[in-house]
Amino acid sequence: MGLDRNLSGDGTYLYRTGNAITDEGTRVDGQMQYAFGVDRLNTEVLVGSALDVTRLQSVPGGTIPDEEAFSTFGTYLQAITPLAPSVSLTLAGRADYLSIREEVQFSPRAALVYTPAPKHALRVSYNRTASAPSASPLLQLAPEVSAPPRATVTQTLEVGYKGQVADRLRLSADGYYETRDDVFVPVGIPVEYQNGGAISYGGFDVSTELRVTDALTLFGTTSVVSDDSFEGGAGRGDIALNAPAFKGKGGVDYGLPYGTTIGATVHHVDDFPVRFGPHTGTVDAYTLLDVRLRSSLPAVPGLSVNVTAQNVLGNAHREFVGSPALGRMVVARLTYELPSP
């Protein structure tokens, strides 16, 4: 259970636009879960529910009066059943009620996992989710829109593999195809929201780890998406994923004597468009180098020091439109592990 209360006084304004804002919003949220087994079906079951109630005092440019409240209530169920010694089936469903639209959204999920050997797993899954709009899209509506925006419905089909393909090589690979209906599109300044139609795209993620020797480990990850920008329809502008179509990293860790490890990682992110509220533009591509050192301190058993230099070359870059430029950052941390009783 959680409680958030925001009390902004006179002189509070939105930094990008200068518009005054009075926000005395209150949010209460909570959830509960219960797990049990059904021996007759050899099935593990998880049930739960979640509640989120929000009351907003005022939102500049909004069309809903002050003291407007809205809430969401969700309940879900998940069941995992082994169909055979090497095959398991997961079925799940969630229903969410959104008070401001007075409707229920249902989100089903199904996944089949095949484990031909202890260190290999293949899976196929389908997932449908309905993302309830956040406070801003709900209350800041485009002038011609008389009702709150519809929830964005996302459907995902995924195929994946994870396993130990050789004595020292681990591999994880996932491919997916995703569609989104009624995607939110920000319109105008101050920003207002409309449903922007449907988009679809595919992608894959690959992660590898190779232990060349007991001391030397190489690793890398790659993420590729087919598109990062889509047409939003007449008068709606483009829809952006707000994420890069390609990003990847690769690195090395090397173990030295006396409990010392050194390592380095190179990150690369392609440029990508952003359309997120008032944040509209392009994030430029950047490549960063991180280095790190971890060492035990023999004089104090259980004590170790970790030093990480992120973006050690000082490549000034922005990771999102509207965010400050980032440079080099060095973090040092001491960790002490208590001895076992």
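The values are calculated or read from the model by the stated rules, or taken from the named source; none is laboratory data. What you see is a predicted model, and the numbers here were worked out from it, not measured in a lab. Counting neighbours? That spans all protein chains shown, and the Cβs are built from the backbone with ideal geometry, glycine included. These area figures cover heavy atoms from the full protein model, side chains too; ligands, DNA and RNA do not enter into them. Shrake-Rupley method; radii C 1.70, N 1.55, O 1.52, S 1.80 Å.
Applying the criterion of being modelled with pLDDT of 95 or more and open to solvent by 70 Å² or more (accessible area, probe 1.4 Å) to the residues of segment 97-124, the residue that is nearest to Val165 (Cα to Cα) is Leu122. Just so you know, in segment 228-242 the residues that are open to solvent by 40 Å² or more (accessible area, probe 1.4 Å) and on the phi < 0 side of the Ramachandran plot include one that is modelled with the lowest pLDDT, and it is Ala234. Reported count of residues in segment 199-220, each being open to solvent by 30 Å² or more (accessible area, probe 1.4 Å) and under 17 Å from the mean Cα position of the chain (by Cα), is 2.
Pull up segment 243-299, narrow it to residues that are surrounded by fewer than 15 Cβ atoms within 10 Å (Cβ to Cβ) and in contact with an Asp or Glu (Cβ under 7 Å, 6 or more places away or on another chain), then point me to the one that is farthest from Thr213 (Cα to Cα). Selected residue: Thr282. The number of residues in segment 319-331 that are more than 20 Å from Ile262 (Cα to Cα) and either loosely packed, with under 15 Cβ neighbours inside 10 Å or at pLDDT below 90 (or both) comes to 7.
Do we find that Val59 is at pLDDT below 95 and loosely packed, with under 14 Cβ neighbours inside 10 Å in this structure? Answer is no for this residue.
Got at least one residue in segment 172-189 being within 30 Å of Leu293 (Cα to Cα) and either crowded, with 17+ Cβ neighbours inside 10 Å or touching a Gly at 6+ places or on another chain (Cβ under 8 Å) (or both)?
In the first step, residues of segment 172-189 are kept if they are within 30 Å of Leu293 (Cα to Cα); the result is 172-173.
Now drop any that are not either crowded, with 17+ Cβ neighbours inside 10 Å or touching a Gly at 6+ places or on another chain (Cβ under 8 Å) (or both), which leaves 172-173.
Yes - at least one qualifying residue is present in segment 172-189.
Of the residues making up segment 221-234, those that are touching a residue at least 12 places away in the same chain (Cβ under 8 Å) and not in a strand (DSSP E or B) are Ser226, Asp227, Asp228, Gly232, Gly233.
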